[in-house]
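Peer 1: Okay, handing you the structure first.
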Amino acid sequence: MGDNVLLNFGQTFLYTKLLSYGFRIWFVLYHSELSYRKSCMRIILGFMEKRQQTKPSMPAQSLEFVNVSLSQYLPPKTTMNTLAVAINRNLNHHLDGHLIFFTGTRNHKLPNGMFVVAHGDERPVPNMFQSVRHLLEHHIADYDWFYFVQDDTYTQPERLKTLVSHLSMDLQLYMGQPGEFIGGETKGRYCHSGPGFLLSRALLLNIRPDEWLGRCIIDYAGMSCVEKYEGLNYNYLTMENNMDLPRMENDGFQNALTVHPVTSAEFMYRLHKHFTEIELELAVDGNKSALWPIGITHPFEPKSRFEVLRWDYSTEDNLFSCVDGAPKCLLSGADRDDVTNVIKVAVEELNKKYSPFVQLSAPQLVNGYRRLDHTRGMEYTLDLQFQATTESGHQKSIARHVHLVRPLSQVEIIPMPYVTEATRVHVLLPLTSYDSHVALRFLDHCSSNLFETGENAVLNFLFTYETAEAQKVSTNDVFAEVKAKITSVEHRYPSVKVSWISIKTESPGVLRILDIVSRKHPVETLILLVTADTVLNSEFLNRCCMNAISGWQAFFPIHFQEFDPSVAYPDQVPPASSDLVREAGHFDRYIFEEACFYNSDYMSSRTRITGDLQENEELLESLDLYDMFVQYSGLHVLRAIEPALRQAYRNQTCNPRLSEDVFHRCLQSTLESQGSRSQLAMLIFEQEHNFREHLTHNC
């Protein structure tokens, strides 16, 4: 168990508040002693086997959720409009409407606002059989726990939810007030019906035909009724005749989950009022548990398995949730500093709590979990091993289970300049002779995605010639085919004007090229820098307009890079356009070639480099555009994935003239664009298999 204390250490808090999971509740209440005939149970058995054949055995919803089903049986007519209505009013809103009442009475006017199932047989045994059959038929796949309780029993809903929140959904558990079988011939114990009992879904699916439920569970599931489980108690109170509230003021009553029997609706309301007052009093101190400071939100509660936040496991040396998808990697950099800092602060605060009686030292992280909750911050759950030294000098190894949270900073409203999607975008495409054939495909994409739809964009080509290529431009222009394609496009779309600039340079660095282009455009120009493999569309152009803010922010999108078709689609015809799935490609975080920024921001950043250029003349060759904005602009640089920006696979060669960091990023991008780890592994296995077959055939 975690230490029951809230430790405030600046940006991190140590707490023991249990993670709360989503509950959905239903009640199974019945009236008399459970007694099933074999014939009845055979029908349930056949139904259960059918469910197991048609639906795989798996936890309802997900591993993060505990769903409780609570149903109620109503005796005929006598308490339909009294105790049943009282229970519905007291419990229904606590259980999100998941409350069923079972009765054997038909043709009777039912109270409004209640979910009642009428079986038409008032005998206890058939009625109970029909109730269980209804649950198996309609709710066994949706709920993990079923709570059976009579209509003359008061149930405290919050305590029921607290009890179930501490139980694992895959348990086979039969919990309630144990009782001995009549005659003593059957070993084990059953649960009395009066105080109610809790039955797990896993156990309910394992029962087989027998005389009655308690014996059935023992004979075929091997589970007896238990009152305690792993420190959790099923607290109940049996009322005596003429017992009133003042005489019930004891620990057994104060901690009761159920009170039975309740003879009148009036007393049911009085019980509910009394327990509600107790819960309100406990709410002030949180039942002696740690309270969240003002401003710190409670943990995120997922509504479905798709919203469950992932916990990442780590030790002091290794992380078992790596960015590249590897199962295990070394804990380094900011991750190591984070874990070290959390352990250090936890030790300091625990020593404050136990001082001067015990001093904790030599902390060791046994298990570490962390997750990012975007509504509150980074959460941690740690199992720590310490060497505890008492005042007398005695030493002992002890373990502590602690919870921590590093909250997000206070949310504030930051004024942002006004931006609009109506801004004209100037698309700049630097080209070398190596990319000339790809530029033809780029023009085809622009024709269908930009020119035909009339997008507010201007296309500019930047032809970079090396010295030898520039000397032959009149006789053998390496960009002649591209220029002819541009002329054809302008003829096809009279309103479109595609401009180009020819640049002669030995080192076609992007900053040198932009130095020339920036002088030819007004300072308020919105520039979109692309590559020949970029596929533009209206969605991405709108995002460029909204994310690039003059004097405030530059935008460097992360495009979706498609894998090598021969690896991603072996022995298949690649689709014309791939879906945004991990088998088709990945978001290439190593490439920074696409950028959206204002000309004024570039010119301002470029001016700040002048001082460093005097000390390092090769700075313009080694520095890329992203690094320049980060180091010299003073702007916020937005780096985010862009689903609307995609690139088809192309085997590229990295320019050796690039700086060491940029060249390494290019190599890494090229390698990861080959295919996913599983696809490459299958390719290697296939090659090894073919190689072995070849050797066997030759031998």
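The values are calculated or read from the model by the stated rules, or taken from the named source; none is laboratory data. Keep in mind that what you see is a predicted model, and the values were worked out from it rather than measured. Backbone-built Cβ (ideal geometry, glycine too); neighbour counts: all protein chains shown.
Peer 1: If a residue must be surrounded by 15 or more Cβ atoms within 10 Å (Cβ to Cβ) and in a helix (DSSP H, G or I), how many such residues does the range 298-343 contain?
Peer 2: Residues flagged as surrounded by 15 or more Cβ atoms within 10 Å (Cβ to Cβ) and in a helix (DSSP H, G or I) within the range 298-343 amount to 6.
Peer 1: Regarding L280, is this residue at pLDDT below 85, out of contact with any helix residue (DSSP H, G or I) (no Cβ under 6 Å at 6 or more places or on another chain) and either surrounded by 16 or more Cβ atoms within 10 Å (Cβ to Cβ) or not assigned by TED's automatic domain parsing to the domain that holds A84 (or both)?
Peer 2: So L280 fits the description; yes.
Peer 1: Next question, about the same structure. Spot the failing condition for S604; the list is (1) among the polar types (S, T, N, Q); (2) more than 37 Å from the chain's Cα centre (by Cα); (3) buried (at least 17 other Cβ atoms within 10 Å of the Cβ), and only one is missed.
Peer 2: (3)
Peer 1: Here's a follow-up. So L110 fits all but one of (1) surrounded by 17 or more Cβ atoms within 10 Å (Cβ to Cβ); (2) of a type in the set (A, V, I, L, M); (3) over 29 Å from the mean Cα position of the chain (by Cα); what number is the exception?
Peer 2: The failed condition is (1).
Peer 1: Counting only residues that are hydroxyl-bearing (S, T, Y) and touching a strand residue (DSSP E or B) at 6+ places or on another chain (Cβ under 9 Å), which one in the range 476-518 is surrounded by the fewest Cβ atoms within 10 Å (Cβ to Cβ)?
Peer 2: Restricting to residues being hydroxyl-bearing (S, T, Y) and touching a strand residue (DSSP E or B) at 6+ places or on another chain (Cβ under 9 Å), the top hit is S499.
Peer 1: Going through the range 368-389 one residue at a time, which ones are in a strand (DSSP E or B) and loosely packed, with under 13 Cβ neighbours inside 10 Å?
Peer 2: Those that are in a strand (DSSP E or B) and loosely packed, with under 13 Cβ neighbours inside 10 Å: none in the range 368-389.
Peer 1: Pairs, please: C-beta under 9 Å, at least 6 apart or cross-chain, first residue part of a helix (DSSP H, G or I) and in the range 668-696, second basic (K, R)?
Peer 2: S669/R589
Peer 1: Ok, one more. Counting only residues that are assigned to a strand (DSSP E or B) and either modelled with pLDDT of 90 or more or not polar (S, T, N, Q) (or both), how many does the range 346-363 have?
Peer 2: Count: 4.
Peer 1: Give me the pairs: first residue in the range 485-496 and more than 17 Å from H437 (Cβ to Cβ), second residue assigned to a helix (DSSP H, G or I) and hydrophobic (A, V, I, L, M, F, W, C), beta-carbon distance under 6 Å, and six or more apart or on different chains, which are they?
Peer 2: Filtered contacts from the range 485-496: Y493/F451; V496/F451.
Peer 1: Please give the number of the condition R650 fails out of (1) of a type in the set (K, R); (2) surrounded by fewer than 16 Cβ atoms within 10 Å (Cβ to Cβ); (3) over 20 Å from Y626 (Cβ atoms).
Peer 2: So the condition that R650 fails would be (2).
Peer 1: A follow-up question, please. When the range 203-230 is examined, which residues are found to be of a type outside the set (V, I, T) and at pLDDT 80 or above?
Peer 2: L203, C225, E227, K228, Y229, E230
Peer 1: Take the residues in the range 153-168 that are part of a loop (DSSP other than H, G, I, E, B) and crowded, with 22+ Cβ neighbours inside 10 Å; name whichever of them is farthest from the chain's Cα centre (by Cα).
Peer 2: T153
Peer 1: Among the listed residues D564, D601, D571, D661, identify the single one that is within 25 Å of L428 (Cβ to Cβ) and modelled with pLDDT under 90.
Peer 2: When all the criteria are applied, what remains is D661.
Peer 1: Going through the range 544-578 one residue at a time, which ones are of a type in the set (A, V, I, L, M, F, W, C) and more than 30 Å from A422 (Cβ to Cβ)?
Peer 2: F563, V567, A568, V573, A576
Peer 1: So which of E621, E524 ends up being acidic (D, E) and at pLDDT 90 or above?
Peer 2: The unique qualifying residue is E524.
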